[in-house]
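The values are calculated or read from the model by the stated rules, or taken from the named source; none is laboratory data. The structure presented is a predicted model; accordingly, all values stated were derived computationally and were not measured. Backbone-built Cβ (ideal geometry, glycine too); neighbour counts: all protein chains shown. Each accessible area value is taken on the protein alone, full model and side chains, heavy atoms only, with ligands, DNA and RNA left out. Shrake-Rupley method; radii C 1.70, N 1.55, O 1.52, S 1.80 Å.
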Amino acid sequence: MLLVVISPEVGSYPGGSKSQRVLIWGLMMRIIKLFCKTVFFLGFSLLIFPSAMPAQNQVLGEVQLVGKTSADKTSGVWIDGQYVGYVKELRGDNKLLLLPGEHEISVRQSGYTDFTQKVVIEPKKRVIVQVVMLRAPGAALPKVTSQIKLYVSPDRAAVFVDDAFVGNASEFSGIGHGMLVSAGKHRIKIALPGYQAFETEVSLLARQKITIKTDLLPASLSQAGASIKPE
């Protein structure tokens, strides 16, 4: 920065007395000092505040969930009782960041035993959790089924049948995809944090095929339904 100071010379102010010139000179010096202080504090602030802004992000730790089978990757994830998504999507821009401390991770899928593990998160550290979903004893698809095809927006929403998590909506849409359930009555719930839950009841005949279409409406967490809120 180039600062040019023009000092008042004798005779610069026609008719001005010596005392007036001294007064003007003193006033100019005070203005210059104030300007320098302002520049200093502005520069100091720029050095301090950028590092303070992301301070909260700097204390977060990451949980990386790893699964091998299709069931592992499509199972729903709850952190401290709150649904956050399914295993395969919680990476990249959707990576799972948590505050330091102990957290309980629960991974669920209809027909499988819940996978539960406690982790201790440290600032800026990553914890890798290997998810292994095991078939629940006696769990098997009925011999005669019906099919429900879903077209939901957002398609990452969690799908529950009779209060059991069965996957995300994108798994049950498109050609060759659908949700197989036993014939009879079923409660269908589609929910996602930040959206109002959609619920309906269906009564299906053997081998019947139906389609459910819905766009979830933005809403508060309290309207998302008990399936995805803290227990």
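Note on Val59 and Ala164: with the Förster distance fixed at 30 Å, the Cβ-Cβ geometry gives a FRET efficiency of about 0.25.
Spacing of the modelled spin labels on Ile128 and Lys149, each 7 Å from Cα toward Cβ, amounts to 4.0 nm.
Note on surface exposure: Tyr86, Tyr151 rank Tyr151, Tyr86 by accessible area, highest first, 1.4 Å probe.
Given axes a ≥ b ≥ c from the Cα gyration tensor, I'd like to know whether segment 102-231 is rounded (a/c under 1.5), prolate (a/b larger than b/c) or oblate.
Oblate shape, in that a/c is at least 1.5 and b/c is the bigger or equal ratio.
Our estimate of slack between Arg207 and Ala183, defined as 0.36 nm per intervening residue step minus the Cα-Cα distance, is 7.9 nm.
Count charges around Ser173 for me, please; just the other residues with Cβ under 15 Å from its Cβ, Lys/Arg as +1, Asp/Glu as -1.
My count for the surroundings of Ser173 gives +1.
Shown in residue order for segment 177-185 are the 3J(HN,Hα) couplings computed by the Karplus curve 6.51 cos²θ - 1.76 cosθ + 1.60 at θ = phi - 60°: 10, x, 9, 8, 9, 6, 5, x, 8 Hz (x for Gly and Pro).
Accessible surface for Asp215 stands near 110 Å², nearest 10, in the context of the full protein assembly shown (1.4 Å probe). The amide H of Met133, built 1.01 Å from its N in the peptide plane, has Asp72 as neighbours under 5 Å, considering only residues 5 or more places off or on other chains. Here the alpha carbons of segment 58-109 define both size measures, Rg and Dmax, at 10.9, 33 Å.
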